[in-house]
1. Quick one: what are the phi-derived ³J(HN,Hα) couplings along region 133-138, Karplus 6.51/-1.76/1.60 with θ = phi - 60°, whole Hz, x for glycine and proline?
2. Setting aside same-chain residues fewer than 8 positions from Lys142, which lysines have a Cα under 26 Å from its Cα?
3. No solvent, one uniform scatterer per C-alpha: report log10 I(q)/I(0) for the chain via the Debye equation at q = 0.12, 0.17, 0.18, 0.19 1/Å, two decimals.
4. Please report, in debye to the nearest 20, how large the charge dipole of the chain is about its Cα centre when each Lys and Arg carries +1 at its beta carbon and each Asp and Glu carries -1 there.
5. Among residues other than Leu44 whose Cβ falls under 15 Å from its Cβ, what is the net charge (Lys/Arg +1, Asp/Glu -1)?
6. On C-alpha positions alone, give me the angle between the axis of helix 192-201 and the longest principal axis of the chain, in degrees, nearest 10.
7. Tell me, what ³J(HN,Hα) does each residue in region 36-52 have, in order and in whole Hz, if you take phi through Karplus 6.51 cos²θ - 1.76 cosθ + 1.60 with θ = phi - 60° and put x for Gly and Pro?
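We did not get these values from a lab; they are worked out from the coordinates using the rules stated. Given the structure is predicted, the values throughout are model-derived calculations rather than measurements. Note: ideal-geometry Cβ built from the backbone for every residue, glycine included; neighbour counts use all protein chains shown.
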Amino acid sequence: MRTDVANVYGSQLPRTLFSQLTDDAVTQAVRLDAACVVVNLLLLPDQPELHQRCVENICRLKPACEVLGMPLMVEPLVMQANEITGGYMVDGNLDKILPLVRQAVELGANVIKADPCDDLSKYCQVVEVAGGVPVLVRGGGKAAEEEILERTFAVIQQGASGIVYGRNIIQHEHPALMTRALMAIVHDGATPDQALKLLRTSR
């Protein structure tokens, strides 16, 4: 269950940025039988106050999670400058991702939800810096089915424990089939070609 609300997703950043926790989030998650709670750890260029607020949010959530036995998923997000990319574009620079993942672990994350890096052959470094905390890879922007299958295979081969995809599944023409194809890669060791064949021959 998502526990925070931020205002950093538009094409232009507002004058004042925030990342606000919802009230009594962990109790709500328990009532809803959520698998875990999710909170951002944002790193935007020249926005140290926003990063500090995210750290404070995690520090508030962690004790409540411990009391109620609720796993804490931290989502380290390194963003590019809005004036360069037009807003909400992740930075795949591994040198920026790794320290943020390490910080998430040090703050008590039970699960890490991280972006893929620019060079997927080096994603094992993200897994290594997580130090045994499971790493689930974000889907990011909507991509062609071949690309998302290949990316998924690459990060799983590099040691990721799983994936957390949204639009690449729910906005697909056949969400159930795309789910089945991705599960074949994550759980059954299928190659991208095998998963693509499963996706297309099942239609």
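1. Here the 3J(HN,Hα) series is 6, x, 10, 10, 9, 6 Hz.
2. Hits, sequence-local ones excluded: Lys96, Lys113, Lys122, Lys197.
3. Values, matching the q order: -0.64, -1.21, -1.30, -1.38.
4. On the way: 18 positive and 24 negative charges, 87 e Å.
Here the size comes out at about 420 debye.
5. After counting each charged neighbour, the total is -4.
6. On a 0 to 90 degree scale, this one is about 70.
7. 6, 10, 10, 9, 7, 10, 8, 10, 9, x, 6, 10, x, 5, 5, 4, 4
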